[in-house]
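Reading through the structure tokens given below for one structure.
The values are calculated or read from the model by the stated rules, or taken from the named source; none is laboratory data. Note that the coordinates shown come from a computational prediction; the quantities given were computed from them, not determined experimentally. Counting neighbours? That spans all protein chains shown, and the Cβs are built from the backbone with ideal geometry, glycine included. Accessible surface is based on the protein model in full, side chains and every heavy atom, while ligands, DNA and RNA are left aside. Shrake-Rupley method; radii C 1.70, N 1.55, O 1.52, S 1.80 Å.
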Amino acid sequence: MEALGLLFLGFKVLFTWKTLALMMVGLTLGIFVGVLPGLGGPNGVAILLPLTFTMDPTSAIVMLSCIYWGALFGGAITSILFNIPGEAWSVATTFDGYPMAQKGQAAEALTAAFTSSFIGSLVAVILITFLAPGIASFALRFGPPEFFAVYFLTFCSFVGLGREDKHKTIISMALGLILAGIGMDTVSGQLRMTFGNAELLRGVNFLVAVIGLFGISEILLTMEEQLALKGHAARISMKVVWKVWKDLPKYWVTLLRSSVIGCWLGITPGGAIAASFMGYNLAKRFSRDPNSFGTGRIEGVFAPETAAHASGTSALLPMLALGIPGSGTAAILLGGLMVWGLNPGPLLFVEHKEFVWGLIASMYLGNVVGLVMVLTTVPFFAAVLRVPFAAIAPMIVVSCAIGAFAIQNAMFDIWLMLGFGVIGYVFKKIGIPMAPLTLALVLGSRAEDAFRLSMIGAEGDLRVFWSNSLVGTITTLGIILLFWPLIGATITKTLKVLRLKH
Amino acid sequence: MTLPTEEQGDRSLASQRSVETITLGVILAFAALMAWDNWRTGIRWESTGPQAGYFPFYVSIILAGACIYGLVREALRMSKLSRSFVSRDEFKRVMQVFIPTLAFVPATQWLGLYVASFALISGFMYWIGKLKPWVSLLTGFLFSLIMFVVFEVAFDVIMPKGPLERLFGY
């Protein structure tokens, strides 16, 4: 059990007053970000990232991951009390969470949501603890072709498995890849796509893009929809907590099923949103009384929350082990790591052992501290939502501007952020997904480097991506996923024809 | 995704379809520009491997292809009916937040970020949110002050500053 020893090392790195204090600060900020409409996990982390620039990497990542935990917990508060999903993955939580609040069971619903988030994350963190080192050491044998194949697989699975129109996903991804290429070419040092503009030499920073795409655009959308916040008050007493916890064993099948779904969809870039819906739908299908779902069943809160959080957390596994983020927020954490000169991927486990295990240990600790914190501070955070939106909107704009400026101390980046805000607004309304753009923007130059290095190694022969069984399997899998909608349709058609013949 | 449906008495400003066509057209033009620039940079093979424009050039081609597909699909669609992209009232509300934000950016350059953020928050709360003047002023002041203390004093993150901060020796 080498992992356990290393984990212990991680806890030792973590237990200083300073780190613990940062953890509390991070969690509080995170819950705020999760509760406020127009802010969410990805851009909350992006905006607050500059706060950590002057810290040492371990403290910084501990604080950032706590912001992330906080945001995950916070999303549930608005879903249940106000029927407004703070995050897209909390949509399924509103189905039964809000009816429960209407029936006067807000405290039970919240306790259920927080507890299941805790369980989902815990399962995922345990998975990370035992799987990540293995995957990383396996990936140490990867060369450029293998890495490119993995990136290719990631991109393809977004196109093939996404629910959006395929061409829109491709547009979003290609835009991200092009934007990532602006500025200095990392291989030859040549300038490209800058059109002589000195500001573009630095390239398009993906954090700036994220703040605009998610933060500013969300403000515009919220303003357009004229959000009226009408919610239920809630206070959680110890009695309610015990009552819900006592009943937990009854729901172990739901919890386990949702955890497994979540972990699977988190590692493959299916995402927390898909996981939460799938968790909910499966719980409904397997229930003895499916019609009671939607009227305020506690299982309807357990199922999506567990899946969403298992997925949100396990998305960090490929990010740490391979350098490929499984979600938008994981992509931003990856961007943060690169700011401190840490290169996520298999080598991180060898070169920065203390850092990696400190981070993993902080996931355990942050999760426990977070659970206690949300259970005790719900009334306070629910009150935040009663602040008029006319006060919150300009504050978020200012926070976004601070975040965008601080990344490279450039005024140009604030303009860029505003531009991305408009793009995000339009894209959201015409159904172009933004996650592929974010992913491509963060992985673009790595994918290009991997591609060019493999091409140089193979002297331009594309067969290098089938040169051994490992890389060949990954590449083929990528191509299958890319054309999955076509393949899937053909299979169903053939099956139908066969059935008709019989 | 929430798409607004056309309400009675609130005329649509643009249809979903026209905005989609225009957006795809703009992206197509962007793709063409990028393809041209990368072609200029060099998309061939050298002794050291592909030139700098190689990878982005082919991505631009893929992007252009996806846009053309989208445009053709949109043009071939039989039904001429389309949902509203944004109604007049909605657009007005979006502009209510967008225009102050747009003005806020140059203001940070002249007045410094903290003074500009005070003006943005107080002004927005008073004029758009119709909140009481003293509430608006106090909120704007406190928020800017807290941001200043957190970023400038506690975390050493330097923001653009203007005449007021210089007066206090920052």
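Would you calculate the separation in nanometres between label points at A:S287 and B:A14, each defined as 7 Å from the Cα along the Cα-to-beta-carbon direction?
With each label point 7 Å from Cα toward Cβ, the separation is 4.2 nm.
So what J values fall out for region A:59-65 if you push phi through Karplus, 6.51 cos²θ - 1.76 cosθ + 1.60 with θ = phi - 60°, rounded to Hz, Gly and Pro as x?
4, 4, 5, 4, 5, 4, 5
Quick check for me: using +1 on Lys/Arg Cβ and -1 on Asp/Glu Cβ, what's the dipole size of region A:43-167 about its Cα centre, in debye to the nearest 20?
Charge dipole of region A:43-167: 100 debye, to the nearest 20.
Could you report the buried accessible area between B and A, both sides summed, computed with a 1.4 Å probe and given in Å² to the nearest 100?
Buried surface at the B/A interface: approximately 5700 Å².
Pop out the ³J(HN,Hα) list for region B:92-97 in order, Karplus 6.51 cos²θ - 1.76 cosθ + 1.60 with θ = phi - 60°, rounded to Hz; leave Gly and Pro as x.
The phi angles translate into 4, 5, 5, 5, 4, 9 Hz.
Given a cut-off of 24 Å, name the pairs among A:K250/A:K284; A:K166/A:K284; A:K103/A:K243; A:K166/A:K501; A:K284/A:K429; A:K166/A:K428 whose C-alpha atoms lie farther apart than that in the structure shown.
Listed pairs above 24 Å: A:K166/A:K284; A:K166/A:K501; A:K284/A:K429.
Roughly how many debye, to the nearest 20, is the charge dipole of the protein assembly as shown about its Cα centre, given +1 on each Lys and Arg Cβ, -1 on each Asp and Glu Cβ, and no other charges?
It comes to approximately 1720 debye.
For the protein assembly as shown, with every protein chain kept in place, what is the accessible area per residue (1.4 Å probe, Å²)?
Value returned for the protein assembly as shown: 43 Å² of accessible area per residue.
At a Cα cut-off below 19 Å, give the aspartates and glutamates reachable from A:K168, other chains included and same-chain residues fewer than 8 away excluded.
Hits, sequence-local ones excluded: B:E20, B:E74.
Using the Karplus curve 6.51 cos²θ - 1.76 cosθ + 1.60 with θ = phi - 60°, work out ³J(HN,Hα) for each residue of region A:494-501 in order, rounded to whole Hz, and write x for Gly and Pro.
4, 4, 4, 4, 4, 5, 5, 5
List the residues, sorted by chain then number, that are 5 or more residues from B:S84 or on another chain and whose placed amide H is less than 5 Å from its amide H.
For B:S84, the qualifying residues are B:E6, B:Q16.
Just to be sure I understand the model, the point goes 7 Å from the Cα along the line to the Cβ. What's the resulting A:W484 to A:A198 distance in nm?
4.8
When we measure straight from the Cα of A:K12, which lysines land under 16 angstrom away, once same-chain ones fewer than 8 places off are left out?
Within the straight-line cut-off, A:K12 pairs with A:K353.
For chain B, what is Rg from Cα atoms divided by 2.2 N^0.38 Å, rounded to two decimals?
Normalised Rg, Cα atoms only: 1.56.
Within region A:170-211, whose backbone N sits under 12 Å from a point 7 Å along Cα→Cβ of B:R40?
A:192-197
Among all stretches of chain A without exposed trypsin sites (Lys or Arg not before Pro) (DSSP loop, at most 13 other Cβ atoms within 10 Å), which one is longest?
It works out to A:387-502.
Give me the lysines in straight-line cross-link reach of B:K161: C-alpha distance below 17 Å, same-chain residues under 8 apart excluded.
Of all the lysines, none pass the test against B:K161 - Cα under 17 Å, at least 8 places apart if same chain.
Run the accessible area of region B:1-156 with a 1.4 Å probe and give the carbon-and-sulfur part as a rounded percent.
69
Which residues of region A:375-413 end up with at least 40 Å² less accessible area in the presence of all protein chains than when their chain stands alone, using a 1.4 Å probe?
Checking the loss per residue gives A:A390, A:P394, A:M395, A:V397, A:V398, A:I402, A:F405, A:M411.
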